[in-house]
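First the structure, in the form of structure tokens, and then the observations on it.
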Ligand code: NDP
């Protein structure tokens with residue numbers, strides 16, 4: 001199986017190669033087979049990408065917004081027309097099952113391009129009456145934005161960053177994760193085919209140091225990172241030192257609270273989606289599942305029955321519901337968390353072991369009787385490991401849910417809608433669901449509070465993060481100077 005791109009980078013509307021950069025191998029996580037090789041960007045490649053983005057940005061911003069939108073719309077159509085090929089590519093690169101990538105990856109990227117394509121031409125300023133004089137405001141693009149992506153939703157992350165950035169007149173240099181270098185290149189090629197002027201969207205490969213070079217370069221006005229909290233601290237620090245704008249979409253350890261009046265079948269389904277979709281490699285996952293005491297036994301019984309039926313296997317088979325983890329180090333990390341769960345006294349309800357010798361497969365795993373102090377209840381695992389915790393009262397569960405440095409997401413299941421709103425209002429999280437979990441339509445802003453992030457992606461909120469306001473005072477009379 002090969003998924004070799006034409007070259008490592010896409011710069012100035014064309015494929016670009018420089019074999020001096022370190023070799024990066026992309027592997028199919030189900031077998032470990034190498035599917036593509038790319039080279040990390042050398043300083044010369046980074047320079048070229050930033051220069052070309054810088055040179056292209058002003059003309060792009062000068063186009064009527066409706067024309068920018070038309071190009072993004074065309075790109076969305078191409079993405080949809082090639083959804084199957086892009087989904088296979090994403091499955092090969094990430095190991096996520098085709099059943100998921102067919103509906104969740106390029107498709108959600110196309111949603112973002114469509115949404116921001118339409119948004120572009122609606123952006124306006126204000127006029128501010130000041131008596132004899134007046135003022136007005138304009139929304140300006142920031143300039144060149146650096147996008148740095150994680151490996152769990154590579155094309156979606158690239159689109160969630162590129163679509164608003166480009167719609168509002170910015171240019172972008174995007175660096176995908178070294179583990180999943182391929183689909184961002186496919187996106188760059190599609191944008192170019194849709195008519196995007198050369199240099200407006202560029203992709204460079206590389207490890208952290210390439211991201212770091214982008215984050216600190218004076219040609220970059222804004223840095224948007226999707227990644228872990230430790231990386232977020234470094235990138236935010238580098239960008240902050242140069243007073244650049246940032247969006248930080250970071251990790252989480254989100255609570256999913258299930259009251260005993262909830263529809264238990266729905267709650268179980270949501271808890272499974274919140275822990276097992278994409279083999280649990282989702283930042284907003286509800287990995288601390290708090291179940292009210294009276295519902296605990298029934299919840300666990302239904303959960304164990306449904307979890308034991310999950311089909312794990314070849315992610316390229318459409319019937320497969322769960323694929324491998326993204327890499328061997330990630331597998332080791334997840335297995336070590338499972339071992340800590342057992343050592344610290346959590347009750348293993350199902351799963352818990354690696355599957356097969358080849359590939360990075362681990363069983364969907366549920367721990368019950370988890371306490372707040374256990375490592376599996378405190379640290380982001382990024383694997384299919386659900387921790388079920390008991391609770392009795394509303395105030396108690398809110399306090400425990402908030403007792404974390406993270407604040408990305410939260411969910412509540414109850415039939416009492418008053419309680420649902422009351423509880424959600426007190427949870428320290430940026431993205432919340434009531435009687436649902438992990439649905440992230442592009443219309444809804446997405447992002448975290450506390451250590452989980454800064455800024456928002458998607459929705460109208462994205463305008464704030466990819467434009468700045470210019471205020472213009474218009475003097476309409478003589479200048480009243482006291483000199
Ligand atoms: P990492 O933080 O390891 O990496 C994220 C990206 O940053 C990668 O492209 C990485 O490059 C790059 N990078 C690493 N070090 C630096 C640096 N010093 N300066 C600039 N860039 C750097 O995250 P993962 O890729 O492992 O992704 C998993 C994490 O992402 C989880 O914590 C998850 O919660 C979070 N995430 C958050 C989301 C959100 O929207 N809130 C969504 C998805 C994931 P390389 O990989 O090549 O080393």
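Here, each number is a calculation from the coordinates, and none is a lab measurement. In this text, all values refer to a predicted model and were calculated from it rather than measured experimentally. Cβ coordinates were reconstructed from backbone atoms using ideal geometry, including for glycine residues, and neighbour counts include every protein chain displayed.
A few remarks follow.
- Length available on full extension from residue 37 to residue 233: 0.36 nm per residue minus the Cα-Cα distance, which gives 67.6 nm.
- Residue order, fewest to most surrounding Cβ atoms within 10 angstrom, among 19, 350: 19, 350
- Projected onto their three principal axes, the Cα atoms of the stretch 18-70 cover extents of 48, 28, 10 Å, largest first.
- Length gained when the stretch residue 419-residue 301 is fully extended (0.36 nm per residue, less Cα-Cα span): 39.9 nm
- Burial ranking of peptide ranges 385-398, 114-127, 321-334, 148-161 (average Cβ count within 10 Å, highest at the top): 148-161, 321-334, 385-398, 114-127
- Ranked list, fewest to most other Cβ atoms within 10 Å of each Cβ, for 272, 444: 444, 272
- Stokes-Einstein D in µm²/s, Kirkwood radius over Cα pairs - the stretch 1-150 at 20 °C with 1.002 mPa s viscosity: 115 µm²/s
- Inter-label distance for residue 4 and residue 243, nm, one decimal - labels placed 7 Å from Cα along Cα-to-Cβ: 4.9 nm
- Taking the chain and dividing mean pair separation by its residue count, relative contact order in percent (alpha carbons under 8 Å, at least six apart): 18 percent
- Span from the the stretch 265-315 Cα centroid across to the the stretch 26-66 one, whole angstrom: 37 Å
- Distance between the stretch 142-165 and the stretch 345-395 - C-alpha centres, whole angstrom: 31 Å
- Gain in span if fully extended, residue 318 to residue 294, counting 0.36 nm per residue against the direct Cα distance: 4.8 nm
- Label point distance in nm, residue 207-residue 136, each placed 7 Å from Cα along Cα→Cβ: 5.2 nm
- In this rough spin-label picture, where each label sits 7 Å from Cα along the Cβ direction, the residue 434-residue 460 distance is 2.0 nm.
- Exposure proxy for 219, 68: other Cβ atoms within 10 Å of each Cβ, ordered fewest to most, give 219, 68.
- Cα centroids of the stretch 192-244 and the stretch 451-483: 23 Å apart.
- In the chain, helices alone account for a calculated mean residue ellipticity at 222 nm of -12000 deg cm²/dmol, with every DSSP H run of four or more residues adding -39,500 (n - 2.57).
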